[in-house]
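Colleague: I am attaching a structure below and will ask some questions about it afterwards.
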Amino acid sequence: MHDNRLRRRQTLALLPVALMYKLSDAACNQLALFEKSMPFGGKLAPENRWIRLTALVDWQTLEIAYAKNFAETGRPGLSARLVIGALIVKHKLQISDEEALQQIIENPYLQYFIGLERFATAPPFASSTLTHVRKRLGEDAFAAFEEMLVNTLIARKLIKTRGLHVDATAFESEITFPTDTRLLNKAREFCVKQIDKLGKAVGQKVRTYRRVAQKEYLAFNKKRRKTKKQIRLMKKHLLQYLRRNVRQLSELLEQAQAAGGVVAEKVKERFETVKTIYDQQKEMYDEKKHTVKNRVVSLHKDYVRPIVRGKCGKNVEFGAKVNLSHVNGFMFADYLSFDNFNESLWLKHSIEAFKKRFDRLPDYVCVDHIFGTRENRAYLKEQGIRTTVKPLGRKKKAPASDAERRWRRRKQKERNQIEGGIGHCKKNYHLGSVRAKLPETEQAWIRMGLFTRNLMIANAKT
């Protein structure tokens, strides 16, 4: 009891006094309080996975990282364990924010896991709170979460830090597959909708040709097989409709602002995206090409870019590309971007991140052939790290020893673990389709999914 109080005072000393966040009392016997409030005199089974996971997580360390996101004034924030625990439940069960709260109401083990002191029959907070939490949780907060997890794994001897596997993947955003005609039609529909609203506001009726355009697009879309000539003709007509609507909406915006009207910033930003889509599609149409720099593929998520992966059956993916490290079954995000970066440039960064996490360099690194650049080979040789990439140059008269070849072949098979780990994340931890709607919330969604997976693997090993 004395140790808990001492630790609480030390924790408080690390935070500014004025932050609008109240730390929880670590000396509280939550289990005893919770079981007293359960109906029918129920008891919680100590071997339940959520009970064991509660003991695995260092909640006070998470609270310190979470509390730093609060301002000095305003309404006090909810407990870190309450909201972060709910996000862990969401990703583990692969459910929506609303369903996560519903499951928590119905399950006493989940209520205990998120830190409730008494059995509850009503949601502890609104589901929209989880969206606000995702906005708050930045890269620094997740770095602190990761550090807490790594310290726990090392202290409990749940991880072996000999080898490092590195690979990149794309966690796809939930967007409609972006064909050129579909994207142009969505941009046109947005313009028409805003033209109607602003036209009524300024008392002006504008002819948009919406019925003609929609009828033509639907007729085109119903065709099961479309020739290149038909697609090009449809793009031409949609560009013409959109050009007219963009001009009309620009004029109405000027009239509305001149009359003292207020146009929402969100509408202005979306309209700028529409203009970008028109310019890019017009450039590709005129020059008869299919690529353009910083191509916008979604009207509602203008930050998403096409990630060319070259995979069988899925050549292009749309979402965040992440450089991942895999260590003894646990996965960590070393670099995340919505641009299609070259993963080989980030191998040195992954090795340095490994050293920061475990205070040592890996004995060996298992990577794909794309990482075998001369710069990476020189760096690995300088650091004394073995690698699985084949030597460069012609086949030598005195080839590598049989032991070296067998080691390389064995480690290349071991590299399959990271491929399986990526598939496991996408299938079992809500990362197959990222449903957040902002770049910062998408990043938080991905990092929380990886954090939840690591926690569950650690929990299974205890």
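The values are calculated or read from the model by the stated rules, or taken from the named source; none is laboratory data. The structure displayed is predicted, hence computed values, not measured ones. Methodologically, a virtual Cβ is constructed for each residue, glycine included, from the backbone with ideal geometry; neighbour enumeration extends over all protein chains shown. Ligands, DNA and RNA are excluded from the accessible area calculation, which covers all protein heavy atoms including side chains. Shrake-Rupley method; radii C 1.70, N 1.55, O 1.52, S 1.80 Å.
Colleague: Which one of these is farther than 28 Å from LEU455 by Cβ, within 28 Å of the chain's Cα centre (by Cα) and surrounded by fewer than 17 Cβ atoms within 10 Å (Cβ to Cβ): LEU392, LEU345? Talk me through it step by step, then tell me what you get.
Modeller: Numbers: LEU392 fails: within 28 Å of the chain's Cα centre (by Cα).
On inspection, the qualifying residue turns out to be LEU345.
Colleague: Then there is this: Restricting to segment 126-155, give me the number of residues that are in a loop (DSSP other than H, G, I, E, B) and open to solvent by 20 Å² or more (accessible area, probe 1.4 Å).
Modeller: In the first step, residues of segment 126-155 are kept if they are in a loop (DSSP other than H, G, I, E, B); the result is 126-127, 137-138.
Okay, now just the ones that are also open to solvent by 20 Å² or more (accessible area, probe 1.4 Å), so 126-127, 138.
Result for segment 126-155: 3.
Colleague: Another question, then. Restricting attention to segment 292-318, report how many residues are within 21 Å of ARG188 (Cα to Cα) and open to solvent by 60 Å² or more (accessible area, probe 1.4 Å).
Modeller: 3
Colleague: Between a residue in segment 134-151 that is in contact (Cβ under 8 Å) with a residue 12 or more places away in the chain and any residue that is of a type in the set (Asp, Glu) and not in a helix (DSSP H, G or I), which pairs come within a Cβ distance under 8 Å, given they are 6 or more apart or on different chains?
Modeller: MET148/ASP58; ASN151/ASP58
Colleague: Please go through segment 422-438 and give me each residue that is more than 11 Å from ALA333 (Cβ to Cβ), in a helix (DSSP H, G or I) and in contact with a Lys or Arg (Cβ under 8 Å, 6 or more places away or on another chain), ordered by number.
Modeller: Within segment 422-438, HIS424, ASN428 meet the criteria.
Colleague: Still on this structure, I have one more. State whether one or more residues within segment 450-462 are open to solvent by 10 Å² or more (accessible area, probe 1.4 Å) and of a type in the set (Ser, Thr, Tyr).
Modeller: Yes: segment 450-462 contains one or more residues that are open to solvent by 10 Å² or more (accessible area, probe 1.4 Å) and of a type in the set (Ser, Thr, Tyr).
Colleague: Further question on the same structure: List every residue pair whose Cβ atoms sit under 6 Å apart, with the two residues 6 or more apart in sequence or on different chains, where the first one lies in segment 363-387 and is in a strand (DSSP E or B) and the second, anywhere, is hydroxyl-bearing (Ser, Thr, Tyr) and surrounded by 13 or more Cβ atoms within 10 Å (Cβ to Cβ).
Modeller: Note: pairs meeting the criteria are VAL365/THR387; CYS366/THR388; ARG386/TYR364.
Colleague: Please enumerate the residues belonging to segment 175-207 that are over 11 Å from LEU252 (Cβ atoms), open to solvent by less than 60 Å² (accessible area, probe 1.4 Å) and out of contact with any Leu (no Cβ under 8 Å at 6 or more places or on another chain).
Modeller: Listed by number, the residues that qualify are ILE175, PRO178, THR179, ASP180, VAL192.
Colleague: Could you name every one of the helices (runs of 4 or more DSSP H) located completely within segment 1-115 that has at least 1 residues being aromatic (Phe, Trp, Tyr) and at pLDDT 65 or above?
Modeller: Numbers: elements: 2-13, 30-37, 49-56, 59-67, 80-93, 97-106, 108-113.
So the answer is 30-37, 49-56, 59-67, 108-113.
Colleague: From the residues in segment 232-276 that are among the polar types (S, T, N, Q) and under 28 Å from VAL292 (Cα atoms), which one is surrounded by the most Cβ atoms within 10 Å (Cβ to Cβ)? Can you show your working first?
Modeller: So in segment 232-276, the residues among the polar types (S, T, N, Q) come out as 240, 245, 248, 250, 255, 257, 273, 276.
Add one more test, that the residue is under 28 Å from VAL292 (Cα atoms), and what stays is 240, 245, 248, 250, 273, 276.
Details: GLN240: 12, ASN245: 25, GLN248: 20, SER250: 13, THR273: 18, THR276: 16.
Of everything passing the filter in segment 232-276, ASN245 is surrounded by the most Cβ atoms within 10 Å (Cβ to Cβ).
Colleague: Among the residues of segment 83-94, write down those that are touching a residue at least 24 places away in the same chain (Cβ under 8 Å) and either of a type outside the set (Lys, Arg) or in contact with a Leu (Cβ under 6 Å, 6 or more places away or on another chain) (or both). If you could, list the steps in order and put the result at the bottom.
Modeller: Here is the first cut: in segment 83-94, the residues touching a residue at least 24 places away in the same chain (Cβ under 8 Å) are 83-92, 94.
Matches in segment 83-94: VAL83, ILE84, GLY85, ALA86, LEU87, ILE88, VAL89, HIS91, GLN94.
Colleague: I've got another one for you. Can you tell me which residue among ALA168, ALA122 is of a type in the set (Gly, Ala, Ser) and open to solvent by less than 40 Å² (accessible area, probe 1.4 Å)?
Modeller: Details: ALA122 fails: open to solvent by less than 40 Å² (accessible area, probe 1.4 Å).
Selected residue: ALA168, the only one of ALA168, ALA122 that is of a type in the set (Gly, Ala, Ser) and open to solvent by less than 40 Å² (accessible area, probe 1.4 Å).
Colleague: Looking at (1) farther than 30 Å from GLU440 by Cβ; (2) open to solvent by less than 60 Å² (accessible area, probe 1.4 Å); (3) not acidic (Asp, Glu), find the lone condition where LYS229 falls short.
Modeller: Looking at each condition in turn, LYS229 falls short on (2).
Colleague: What pairs can you find where one residue is in segment 97-112 and under 11 Å from SER127 (Cβ atoms) and touching a residue at least 24 places away in the same chain (Cβ under 8 Å), the other is among the small types (Gly, Ala, Ser) and part of a helix (DSSP H, G or I), and their Cβ atoms are less than 6 Å apart, with a gap of 6+ or different chains?
Modeller: Close Cβ pairs satisfying both conditions: ALA100/ALA86.
Colleague: Give me the pairs: first residue in segment 169-190 and closer than 14 Å to MET234 by Cβ, second residue open to solvent by 50 Å² or more (accessible area, probe 1.4 Å) and modelled with pLDDT of 95 or more, beta-carbon distance under 7 Å, and six or more apart or on different chains, which are they?
Modeller: THR181/ILE231
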